[in-house]
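Asks: Encoded as structure tokens, here's the structure I'll be asking about.
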Amino acid sequence: MRERVLVLLGGLSKEREISIRSGTAIATSLKRNGFEVLEYDFQGHLEQVIAEFKPDVVFIALHGTLGEDGTVQGMLEIAQIPYTGCGVLQSAVCMNKLFTKYFFREIDVPTPKFVYKRKGESVSFSEIKKILNCDKVVVKPVDQGSAIGVSIVNDEDGFKEALNESYVLSNGVLVEEFIKGTEITITVIGNYPDIKVFPIIEIVPVHDFYDFYSKYTPGMSKHNIPANISQKAAKSAEEYAFKIYQEMGLRDIARIDMIAMGDEVLVLEVNTIPGFTETSLVPDAAASANISFDDLTDFIVKEALKRKK
């Protein structure tokens, strides 16, 4: 009897359309792998589809809030159905950029300097410049993905506009020093003690940074493997990726974004449900490790099935 996989896609976040693309690609792959697959556009309820389809495992392809942040994971824990990716706590922490920063500090992983501001707090660009000792900053909603709401600014007017844009999306904003360097990312798969670090990808976006359009529009970014960084930086990046994955208790798959400057590497954030679209980084990383898209989805599902009660 074929194992049944329920693929959750779509969802309620700003990343809905990307989730549909990822989920559709995953479902198609799993069908080729011989699983019985049902694609389900998650709109806040799972009870009926679980009762009717009776999945052996759920493949979560939901990006962003109400999908990648531990909420759906909690629902599936209560239903006692195994699911792909990280657990409730890890999903919630990694979705929140502030908590992720705190964790990096705790395990001695270097990350850019930052200031956190809650909605309603007054702050000026001149104040931020003094605190961070820089002339350019990155403004990010604290709990969004895919670079949604992210702005790079270097003056008071731009700073106010960026704050307002971020506060529409979140009640908290992370203001981070702008680091000029090489954008890199590392995919890690597996479960302790069998954890594998994929080759480093250098991201070369057409825009000033790897924004939403660079991520998901064909031709708007290049993925270079191997990354054009020093051997020392590459070694540090791989060590940080492995350490984060292991110390945070991540599982199945995650992608960790960083910036390399000469021999130095700073870690930016962790993606616990990375994209699986035609322009996504994870499939390219897997291919560079001689792992096909179908082998990757098959591996993730089988790892999750090991947790079946």
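All of the numbers you see were taken from the coordinates with simple rules; none came from a lab. Nothing here was measured: the structure is a model prediction, and the numbers come from that model. When we count neighbours, we look across all protein chains shown, and the Cβ atoms used for this are built from the backbone with ideal geometry, even at glycine.
Asks: Do any trypsin sites (Lys or Arg not before Pro) in the stretch 1-93 lie in a loop, going by DSSP, with at most 12 other beta-carbon atoms within 10 Å of their beta carbon, and if so which?
Replies: Details: sites: ARG2, ARG4, LYS14, ARG16, ARG21, LYS31, ARG32; in loops: ARG2, LYS14.
Taking the stretch 1-93 and a limit of 12 other Cβ atoms within 10 Å, the loop trypsin sites (Lys or Arg not before Pro) found are ARG2.
Asks: Based on alpha-carbon centroids, what's the gap between the stretch 19-37 and the stretch 140-168 in Å, whole number please?
Replies: 34
Asks: Separate question: Would you mind checking the tilt of helix 97-106 against the longest principal axis of the Cα atoms of the chain, expressed as 0 to 90 degrees and rounded to 10?
Replies: 80
Asks: Something else now. Do any trypsin sites (Lys or Arg not before Pro) in the stretch 82-150 lie in a loop, going by DSSP, with at most 13 other beta-carbon atoms within 10 Å of their beta carbon, and if so which? Don't skip to the end; give the middle numbers.
Replies: On the way: sites: LYS97, LYS101, ARG105, LYS113, LYS117, ARG118, LYS119, LYS129, LYS130, LYS136; in loops: LYS113, LYS119, LYS136.
Qualifying residues, ordered by number: LYS119.
Asks: Quick one, can you get me the convex hull of the C-alpha atoms of the stretch 1-109 expressed as volume per residue in Å³?
Replies: On the way: hull volume 12.2 nm³, N = 109.
Output value, Cα hull per residue: 112 Å³.
Asks: Quick one: helix 231-247 against the long Cα principal axis of the chain, what's the angle to the nearest 10°, folded into 0 to 90?
Replies: 60
Asks: OK, next. Hey, what did the stretch 237-309 get for relative contact order, percent, Cα under 8 Å, at least 6 apart? Could you put the intermediate results ahead of the total?
Replies: Details: 56 pairs, mean separation 15.4, N = 73.
Computed value for the stretch 237-309: 21 percent relative contact order.
Asks: I need the shape label for the chain. Rule: rounded when a/c is under 1.5, else prolate if a/b > b/c, else oblate, with a, b, c from the alpha carbon gyration tensor. Provide the component values of the computation, followed by the final result.
Replies: Numbers: a/c = 1.88, a/b = 1.47, b/c = 1.28.
Prolate.
Asks: With angles folded into 0 to 90 degrees, how steeply does helix 293-305 sit against the dominant principal axis of the chain? Use alpha carbons for both and round to 10.
Replies: Rounded to the nearest ten degrees, it is 80.
Asks: Let me ask another. Mind checking the dipole of the chain: about its Cα centre, +1 per Lys or Arg Cβ, -1 per Asp or Glu Cβ, Debye to the nearest 20?
Replies: Working: 34 positive and 44 negative charges, 95 e Å.
Here the chain has a charge dipole of around 460 debye.
Asks: Once you order the gyration tensor axes a ≥ b ≥ c over the Cα atoms, which shape class does the stretch 105-174 get: rounded for a/c under 1.5, otherwise prolate or oblate by comparing a/b with b/c?
Replies: Details: a/c = 1.60, a/b = 1.11, b/c = 1.44.
Cα axes put the stretch 105-174 in the oblate bin.
Asks: As I understand it, the dipole of the stretch 1-54 uses +1 on the Cβ of Lys and Arg and -1 on the Cβ of Asp and Glu, about the Cα centre. Which of THR24, VAL49, GLY10 lies farthest toward its positive end?
Replies: THR24
Asks: Let me ask another. Mind checking the full-extension length gain between ALA79 and ALA289? Use 0.36 nm per residue of separation minus the Cα-Cα distance, one decimal, nm. Mind showing how you got there, number by number?
Replies: Values: separation 210, 0.36 × 210 = 75.60 nm, distance 3.53 nm.
Gain on stretching ALA79 to ALA289: 72.1 nm.
Asks: Run down the lysines and flag those whose C-alpha is under 19 Å from the C-alpha of LYS54, throwing out any fewer than 8 positions away in its chain.
Replies: The reachable lysines, counting only those whose Cα sits under 19 Å from LYS54, are LYS31, LYS302, LYS306, LYS308, LYS309.
Asks: No solvent, one uniform scatterer per C-alpha: report log10 I(q)/I(0) for the stretch 43-199 via the Debye equation at q = 0.17, 0.18, 0.20 1/Å, two decimals.
Replies: Relative scattering, expressed as log10 I(q)/I(0), comes to -1.07, -1.14, -1.28.
Asks: Another question about this same structure. Can you tell me the length gained on complete extension of the stretch ASP135 to ARG307, counting 0.36 nm per residue apart and subtracting the Cα distance?
Replies: Values: separation 172, 0.36 × 172 = 61.92 nm, distance 4.86 nm.
Taking ASP135 through ARG307 to full extension adds about 57.1 nm, to one decimal.
Asks: Name the trypsin sites (Lys or Arg not before Pro) in the stretch 152-200 that are in a loop by DSSP and that have at most 11 other C-beta atoms within 10 Å, would you?
Replies: Taking the stretch 152-200 and a limit of 11 other Cβ atoms within 10 Å, the loop trypsin sites (Lys or Arg not before Pro) found are LYS180.
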